[in-house]
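Below is one structure, written out as structure tokens, with a few remarks after it.
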Amino acid sequence: MKRVIVGLSGGVDSSVAAHLLKEQGYEVIGLFMKNWHDDSVTISNECPWLEDSNDAMIVAEKLGIPFQVVDLSEQYKDRIVDYMFREYEMGRTPNPDVLCNREIKFDVFMKIALDLGADYVATGHYCRKETIIKDGKEVHRLLAGKDNNKDQSYFLCQLSQEQLSKALFPIGELTKPEVREIASAQELITAEKKDSQGLCFIGKVRLPEFLQQKLQPKEGVIVRIPADATLFDKEVPKFESKEAELSFLAEKYTYQLTDGDVVGKHQGAHYFTKGQRKGLAVGGMKEPLFVIETDVNENVIYTGEGKNHKGLYRNVLFVKNDEIHWIREDLILQDGDSMNVKARIRYRQKLEKATLFKVENGLYVSFDHPQSAITEGQFVAWYKDDELLGSGVIS
């Protein structure tokens, strides 16, 4: 009997994952990760982690498996929260869920599990793992979940071969309705529980208030850039190389106050992100305003009217060498190599055709079609069919 430690989150997915593993004959232990202490920034009076850990405990009791709570709030603060503050301060938009999987669930938590004698760590992610033999070596493939609506492979885009070798995803072959059916049949308390929203493991956090703990509010202006601004008519030069062309296309637009008109005020450019529509509180426009750029140095937010505004779209993005990550280390591109893939720049986005170009100082991802709100700090993930090959931080 192999021992598996399941990250029981108090939700239906991890509950069913634990049940399925027990059915398969594993020795299953449930661990709940407590990652947050400060209840002052969660929305409403409910204390999400307390309620969740309670539900996780009731599920463990029902399944007849040992259960305990591990407090990882110190590591979570160091590795996730402080990182988020740094990124926002620089005007980038981090993805805490991707980081949480790489740094907490499949690192800190995994080490605790292995110390407890576990052979594997299991989570309730909608994705699949397949192990193949290539050149006499085991290679672990990370595949999309069977449920297209719920596929969560993107959130695991920073995992390594080492981490995958110890990971199990018991519900990857199932759809969400099937998972709920199993939970109902087993009379698990989480069967009808709504999916959690909010930061990985913190619960329902009001992001601006969360950020305001560290990043002080600072009044600045909101500038509207007209769709026909001359800066969008950049002349395309003749390129001496493919790399020169990609470099030109990956450049984002730079705006000056004089390029548009001031239409409102905000409380800090670092609270906003590209593509954001809510929270601008500017009326009187034909179409809603979208953030097309934030300038944290000058504390200015640049906006455009309507979701088709030119300032929102680009075909090419760049990832620096030290922020490129390959899950399939055997497929790493060398300088000058290219690869046709499908890629996404955010969770839930449908996969788009793209080409990877490896150059000396990094990697260009060139999409066949323009992408809306390519955002620095977020992750781009690339796939072949339903296998996630690698990812990188958009620079």
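Computed quantities for the displayed model
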| quantity | calculated |
| --- | --- |
| Distance histogram for the range 3-212 (every C-alpha pair counted, 10 angstrom bins, percent rounded to whole numbers) | 8, 34, 38, 16, 3, 0 |
| The range 90-216 - Rg and Dmax from Cα coordinates, angstrom | 17.0, 55 |
| Helix-only CD estimate at 222 nm, as mean residue ellipticity for the chain, using -39500 (n - 2.57) per DSSP H run (n ≥ 4) | -5500 deg cm²/dmol |
| Antiparallel bridges, percent of DSSP beta bridges restricted to the range 3-212 (to nearest 5) | 40 percent |
| Ascending count of other beta-carbon atoms within 10 Å, so fewest first, for Arg141, Arg344 | Arg141, Arg344 |
| Cα convex hull volume per residue for the range 226-341 (Å³) | 161 Å³ |
| Listed residues Ala343, Ala144, Ala191, most fluctuating in the chain (Gaussian network, C-alpha, under 10 Å) | Ala191 |
| Within the chain: Cβ-based charge dipole about Cα centre, in debye rounded to nearest 20 (Lys, Arg +1; Asp, Glu -1) | 560 debye |
| Glu376 long-range amide H proximity, modeled H, under 5 Å | Thr93 |
| The range 3-212, dipole about Cα centre (Lys/Arg Cβ +1, Asp/Glu Cβ -1), debye to the nearest 20 | 500 debye |
| Positive-end residue of Leu215, Phe32, Leu21, charge dipole of the chain with Cβ unit charges | Leu21 |
| D (Stokes-Einstein, µm²/s), Kirkwood Cα radius, the chain, 1.002 mPa s at 20 °C | 94 µm²/s |
| The chain: antiparallel DSSP beta bridges as a percent of all, rounded to 5 | 75 percent |
| Anchor Lys111: lysines whose Cα lies under 28 Å away (excluding residues fewer than 8 positions away in-chain) | Lys2, Lys22, Lys34, Lys62, Lys77, Lys129, Lys134, Lys137, Lys150, Lys166, Lys204 |
| Linear extension gain, Ala281 paired with Ile112, 0.36 nm per residue minus alpha-carbon span | 56.2 nm |
| Rg and Dmax [Cα atoms of the range 271-395; Å; Rg one decimal, Dmax integer] | 16.2, 55 |
| Inter-centroid distance (Cα atoms) of the range 102-134 relative to the range 273-291, Å | 41 Å |
| Selected from Phe109, Phe232, Phe272 as most flexible by GNM, with the chain as the system and alpha-carbon contacts under 10 Å | Phe232 |
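No lab work stands behind these numbers, since they all come straight from the coordinates. The structure displayed is predicted, hence computed values, not measured ones. No Cβ is skipped: glycine too gets one built from the backbone with ideal geometry, and neighbour counts run over all protein chains shown.
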